[in-house]
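Bear in mind that the values in this text are calculations on the coordinates, not laboratory data. A quick note: this is a predicted structure, and the numbers were derived from the prediction, not measured. Glycine also receives a Cβ, built like all others from the backbone with ideal geometry; neighbour counts cover every protein chain displayed.
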Amino acid sequence: MDPSVCRDACLVTMLLVLVLAVFLGFEVISKVPSRLHTPLMSGANAISGITLVGAVITVGAAETTFATVLGTLAVIFATINVIGGYTVTDRMLGMFKTKEKKK
Amino acid sequence: MDRILLINLVYIVAAVLFIIGLKMLTSQEHARRGNLISSAGMFLAVVITLIGGEIIAFHWIIIGVIAGGIIGGFAARFVKMTQMPEMVALFNGFGGIASLLVGWGAYHSGSERDLFTMTTTFLAVLIGGVTFTGSMTAWGKLSGAVTGKPVLFRGQMIVNGILFVIILLSGALFLMTPWADYSFFAVLVVCSLILGVMAVIPIGGADMPVVISLLNSYSGIAACAAGFAIGNNILIVSGALVGASGLILTNVMCKAMNRSLGNVLFGGFGAVKEVKKAAGGRGEVKPVSAQDAYYILEAAESVVFVPGYGMAVAQAQHALRELGEILEENGAEVRYAIHPVAGRMPGHMNVLLAEADVPYEKLIEMDEINRSIASVDVCVVVGANDVVNPAAREDRNSSIYGMPIINADAAHTVIVLKRSLSPGFAGIDNPLFIKPNTRMLFGDAKSSIETLTAEFKQT
């Protein structure tokens with residue numbers, strides 16, 4: 001069974017979660033100095049790699065070779081997204097920061 | 001404790017970490033820690049899924065994570081800052097394809113095929129597919145593998161329309177007969193992938209900041225849809241957060257160009273053939289030699305640089321910083337004016353100048369610089385064009401009329417570093433070049449700047 005399964009009974013809850021998260025997203029990001037646009041974007045991009053959790057579940061639940069292949073590919077792509085996204089964001093922010101110290 | 005309950009509780013912690021991390025990314029002092037906090041949330045979410053779930057094929061996950069980690073880590077570590085827009089596009093696309101695959105996997109082995117699950121699977125595949133090929137096309141355009149100009153052909157709208165109808169039809173058939181063979185699903189996958197290419201290919205290079213942030217939003221929405229498909233809350237929350245933040249950024253970019261999102265997506269902007277009518281009569285282009293430009297700069301007490309995509313192409317950011325430092329030693333106040341859509345992604349210029357060690361405080365946003373630009377002695381335009389085009393203020397017939405610009409022409413003297421007189425990416429004449437206070441320094445931006453620096457060093 002899918003470990004985080006939450007079907008019909010929780011459907012409304014899931015939609016509620018969605019709506020709240022969207023509003024929260026708008027609230028949290030509303031004021032960003034344009035200087036930080038790129039790190040914010042790539043940082044958010046890394047978070048969208050959360051699909052990795054889905055990919056792990058897909059592989060975990062796979063009963064056929066084909067499903068395993070699908071899931072493993074998903075794990076690879078999502079991990080590139082996650083690791084790459086966070087690393088590159090950190091690198092950029094590191095550049096922003098060193099100069100502050102220098103100043 | 002109940003295993004599923006525990007997993008979901010940890011997911012809540014992860015979601016909180018994402019939110020705190022995102023929040024901290026919006027302020028300079030905390031941004032880096034915010035990114036770390038957000039990555040801790042990701043780590044938690046993945047680890048709890050691994051140990052809490054009933055995972056059979058562990059080794060495949062490990063192999064996948066190691067392979068992806070190595071590729072992603074290397075790419076992120078060694079990419080040049082000038083290639084950052086391409087990199088972001090690539091990562092975006094990978095997130096999209098991962099969501100598509102998760103949706104596919106859910107369809108393939110899922111035991112439940114109720115309407116709701118199938119609808120969200122449909123969305124995950126559609127949006128994930130569009131994000132993937134759309135990002136790949138954007139990547140191609142940014143890296144030069146595909147032409148940066150808008151690609152338009154006759155009947156494009158008809159082709160897109162047909163494609164759209166096929167997607168809706170196959171989607172509907174797929175939803176009605178979820179237990180039938182794979183054919184509708186396959187059509188859906190293929191059409192989504194084609195749609196992604198078709199959606200991005202008509203968009204010109206100058207509009208890339210909008211496209212990149214929109215694709216960023218899509219990748220979040222795709223993850224969110226995948227979350228619904230597999231009934232996973234953390235995917236829904238995180239995906240929605242990214243989707244919302246991407247939309248905000250997209251909106252900011254659109255505002256900075258004074259255009260609606262629809263206009264960017266369907267306008268085929270750069271392809272518009274401008275009727276070459278100079279609004280206020282033709283003036284004269286006044287070229288200047290590097291030496292004369294040096295005299296102008298040498299006498300300046302305040303200098304503002306306006307970088308654009310041309311600076312990124314010429315990789316002139318380090319040379320520019322050096323010239324800026326020399327000007328400061330010479331007693332001038334040096335600042336850098338950044339237009340929100342300068343370059344090919346949101347914040348592109350800031351990243352490049354930060355890489356070249358330009359102090360953060362010297363990067364000034366458009367509105368702020370415009371307040372004081374009239375008292376600036378020399379404004380040096382480095383590879384920027386449309387973002388300093390006064391036609392946006394003056395020429396009602398111009399297609400960029402109304403776009404907020406950096407009022408470079410208000411400075412006492414303007415020096416434009418430019419390769420030739422060709423119009424910018426929007427394909428529009430720039431009256432700035434013929435203003436009486438403008439001097440054109442023709443040549444490669446980097447070598448022009450280096451020549452200027454050399455002039456200063458000689459004396």
Inset, instruction - With θ set to phi - 60°, apply the Karplus curve 6.51 cos²θ - 1.76 cosθ + 1.60 along region B:93-99 and write out the HN-Hα couplings as whole Hz, x wherever there is a Gly or Pro. - result: x, 5, x, x, 5, 4, 5
Inset, instruction - Quantify how strongly other chains surround peptide B:252-264 by giving the mean number of their Cβ atoms within 10 Å of each of its Cβ atoms. - result: 1
Inset, instruction - Determine, for A:V69, B:V414, B:V210, the number of other Cβ atoms within 10 Å of each Cβ, and report the residues in order from fewest to most. - result: A:V69, B:V414, B:V210
Legend entry - Residue exposure sequence - B:T120, B:T131 - by fewest surrounding Cβ within 10 Å: B:T120, B:T131
Inset, instruction - Pull up all non-local amide H partners of B:V306: gap of 5 or more, or a different chain, and H-to-H distance under 5 Å with H placed in the peptide plane. - result: B:A337, B:V380, B:V381, B:V382
Inset, instruction - Can you pull the one-decimal nm distance between simple spin-label points at B:I4 and B:T459, each 7 Å off the Cα toward Cβ? - result: 7.8
Inset, instruction - Mind checking the full-extension length gain between B:L115 and B:T147? Use 0.36 nm per residue of separation minus the Cα-Cα distance, one decimal, nm. - result: 7.4 nm
Inset, instruction - Would you mind checking region B:28-60 for residues with the amide N under 19 Å from a putative spin-label position 7 Å along Cα→C-beta of A:T65? - result: B:56-60
Inset, instruction - Give the dimensionless ratio obtained when the Cα radius of gyration of region B:75-213 is divided by 2.2 N^0.38 Å. - result: 1.15
Inset, instruction - Name the residues whose placed amide hydrogens come within less than 5 Å of the amide hydrogen of B:V376, ignoring near sequence neighbours (fewer than 5 apart) on the same chain. - result: B:H412
Inset, instruction - Give the relative contact order (percent, whole number) for region B:5-144; include only Cα pairs under 8 Å separated by 6+ residues. - result: 20
Inset, instruction - Return the average number of partner chain Cβ atoms within 10 angstrom of each residue Cβ along peptide B:356-363. - result: 4
Inset, instruction - With only Lys, Arg, Asp and Glu charged, each at its Cβ (+1 for the first two, -1 for the last two), find how big the charge dipole of the protein assembly as shown is about the Cα centre; round to the nearest 20 debye. - result: 540
Inset, instruction - Based on other C-beta atoms within 10 Å, arrange A:S48, B:S260, A:S42 from fewest to most. - result: B:S260, A:S42, A:S48
Inset, instruction - Please go through the residue pairs B:K435/B:K457; B:K80/B:K141; B:K80/B:K446 and name each one whose alpha carbons sit more than 20 Å apart in this structure. - result: B:K435/B:K457
Inset, instruction - Using R₀ = 56 Å, calculate the FRET efficiency as 1/(1 + (r/R₀)^6) where r is the Cβ-Cβ separation of B:I162 and B:E325; round to 0.05. - result: 0.45
Inset, instruction - Excluding residues on the same chain fewer than 8 positions from A:K31, give the aspartates and glutamates whose Cα lies under 20 Å from its Cα. - result: B:E29, B:E361, B:E365, B:D367, B:E368
Inset, instruction - Go through B:S135, B:G262, B:S192 and say which Cα lies farthest out towards the positive end of the charge dipole of region B:79-266; charges sit on Cβ, +1 for Lys and Arg, -1 for Asp and Glu. - result: B:G262
Legend entry - Residues in region B:292-334 reached by a label modelled at B:K286 [backbone nitrogen below 17 Å; 7 Å Cα→Cβ]: B:292-300
Legend entry - Under the Karplus curve 6.51 cos²θ - 1.76 cosθ + 1.60, θ = phi - 60°, whole-Hz ³J(HN,Hα) for region B:381-391, x wherever Gly or Pro sits: 8, 10, x, 9, 9, 4, 6, 10, 7, x, 4
Legend entry - Sites B:S375 and B:S420 - FRET efficiency at Förster radius 25 Å, r taken between beta-carbons, to 0.05: 0.20
Inset, instruction - Identify the trypsin sites (Lys or Arg not before Pro) of region B:52-160 meeting these criteria: DSSP loop state and at most 12 other C-beta atoms within 10 Å of the C-beta. - result: B:K80, B:R154
Legend entry - Relative contact order (percent, whole number), chain B, Cα cutoff 8 Å, 6+ residue spacing: 14
Inset, instruction - Please give the residues of region B:335-376, grouped as numeric ranges, whose backbone N is less than 19 Å from a label point set 7 Å along the Cα-to-Cβ vector of B:E301. - result: B:335-336, B:371-376
Legend entry - Point-to-point label distance, B:Q315-B:S447, nm (Cα→Cβ direction, 7 Å offset): 1.5
Legend entry - Packing-based order for B:384-390, B:63-69, using average beta carbon neighbours within 10 Å, highest first: B:384-390, B:63-69
